[in-house]
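K.L.:
First, the structure itself, so that you have it in front of you.
The values are calculated or read from the model by the stated rules, or taken from the named source; none is laboratory data. Given the structure is predicted, the values throughout are model-derived calculations rather than measurements. All Cβ positions, glycine included, derive from the backbone under ideal geometry; neighbour counts span all protein chains shown.
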Amino acid sequence: MASGGIVVPSYGYLTDVAQLAKKRTGALLVMDEVTTGFGRTGKMFAFEHAGIEPDIIAVSKGLTSGYLPLGAVIASDALYDGFLGSNQSGRAFSNAYTYGGHPVSCAVALATLDVMEEEAILDNVGAVGGHLYRKLCDLKDSTSSIGDIRGMGLLYGIELVDRNGVPVPGETGKAVSAAALADGLIVRALGSMSHVLVLVPPLILDIQGADRIVAKLGAAIDRVMTSRN
Ligand SMILES: *Cc1c(COP(=O)(O)O)cnc(C)c1O
């Protein structure tokens, strides 16, 4: 979803995939929640929006809020139990990384989960994310340079287009990103999808902060695009 330019699966897509996996083929359903996990989309995990139950979830980034490196693979009880056994039994899942389960990183992850609960971070993402989305849509309506606003919670892709609605060249996206950075706003122009600016603000963002982001973004787009259009 993220590196493809913040593409939100269409309604029903994930439910259908989950049903196909479970009922028809018995295939395991694996969700990569490395970007979307831990509140980014307004729920703890993005798959919850679709009401499905994956067998395996890959997580990292938000697990420690990025303060220390940690990644994890979360498996259902049924899968986990399937690998329980002695080394001789041939069932044990013998896999280890040098720093796997590093105690300090794990402590940071637990502290992150505490903060999420104590400060009701999910509620904040829902409220401020909704406000940010509406403001981004207002910005889109006020300019011919934005083709699409995609995302959920506090994760958005802003597609830059020329006056004919055609995606701008990657360099233009990179120039807008640089202009925003010079003004103190980080929006990334993704490598192969540089006409889409990716906005990933902190989950503690407040309404004023969201307004400032949209103002700075609008100014950066104006500065770069009006000179090129
Ligand atoms: C960052 C990212 C990865 C890579 O995660 P690593 O922990 O660096 O292996 C995988 N998937 C998504 C969606 C990511 O955003």
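K.L.:
Return the pair list, or none, for Cβ contacts closer than 7 Å from residues in region 69-91 that are free of Cβ contacts under 8 Å to residues at least 40 places away in the same chain to residues that are part of a helix (DSSP H, G or I), at least 6 apart or on different chains.
P.N.:
Pro69/Ser105; Leu70/Leu63; Leu70/Thr64; Leu70/Ser105; Leu70/Cys106; Leu70/Ala109; Ala72/Leu63
K.L.:
Name the pairs whose Cβ atoms lie under 8 Å apart, with the first residue in region 35-63 and over 13 Å from Val125 (Cβ atoms), the second part of a loop (DSSP other than H, G, I, E, B) and aromatic (Phe, Trp, Tyr), and 6 or more positions between them or separate chains?
P.N.:
The qualifying pairs are Ile57/Phe45; Val59/Phe38; Lys61/Phe38; Leu63/Phe38.
K.L.:
Here's a follow-up. So the check is Cβ under 8 Å with 6+ separation or different chains; which pairs have a first residue in region 1-19 that's within 16 Å of Ile158 (Cα to Cα) and at pLDDT below 90 and a second one that's within 12 Å of the ligand (Cβ to nearest atom) and not hydrophobic (A, V, I, L, M, F, W, C)?
P.N.:
Hits for this filter: Met1/Thr35; Met1/Thr36; Ala2/Thr35; Ala2/Thr36.
K.L.:
Determine the pairs where a residue that is on the phi > 0 side of the Ramachandran plot, located within region 194-222, has a partner that is surrounded by fewer than 20 Cβ atoms within 10 Å (Cβ to Cβ) and part of a loop (DSSP other than H, G, I, E, B) with Cβ atoms under 8 Å apart, the partner being 6 or more residues away or on another chain.
P.N.:
none
K.L.:
Regarding Gly82, is this residue away from the ligand (no atom under 16 Å from the Cβ) and not basic (Lys, Arg)?
P.N.:
For Gly82, the condition - away from the ligand (no atom under 16 Å from the Cβ) and not basic (Lys, Arg) - is met.
K.L.:
Filtering region 1-29 down to residues that are away from the ligand (no atom under 16 Å from the Cβ) and over 23 Å from Tyr80 (Cα atoms), which residue is nearest to the chain's Cα centre (by Cα)?
P.N.:
Ser10
K.L.:
Looking only at region 185-229, count how many residues are among the acidic types (Asp, Glu), assigned to a helix (DSSP H, G or I) and loosely packed, with under 14 Cβ neighbours inside 10 Å.
P.N.:
1
K.L.:
Is there a residue in region 166-184 that is within 26 Å of Lys43 (Cα to Cα), outside the structural domain of Leu68 (by TED's automatic domain parsing), of a type outside the set (A, V, I, L, M) and not in a helix (DSSP H, G or I)? Give the steps one after another, and end with the answer.
P.N.:
Going residue by residue through region 166-184, those that are within 26 Å of Lys43 (Cα to Cα) are none.
Scanning region 166-184 turns up no residue that is within 26 Å of Lys43 (Cα to Cα), outside the structural domain of Leu68 (by TED's automatic domain parsing), of a type outside the set (A, V, I, L, M) and not in a helix (DSSP H, G or I).
K.L.:
When only residues in region 36-59 that are at negative phi and among the small types (Gly, Ala, Ser) count, which is farthest from the ligand (Cβ to nearest atom)?
P.N.:
Ala50
K.L.:
Hey, can you tell me all the residues within region 127-158 that are assigned to a strand (DSSP E or B) and surrounded by 21 or more Cβ atoms within 10 Å (Cβ to Cβ)?
P.N.:
Those that are assigned to a strand (DSSP E or B) and surrounded by 21 or more Cβ atoms within 10 Å (Cβ to Cβ): Ile146, Gly151, Met152, Leu155, Tyr156, Gly157, Ile158.
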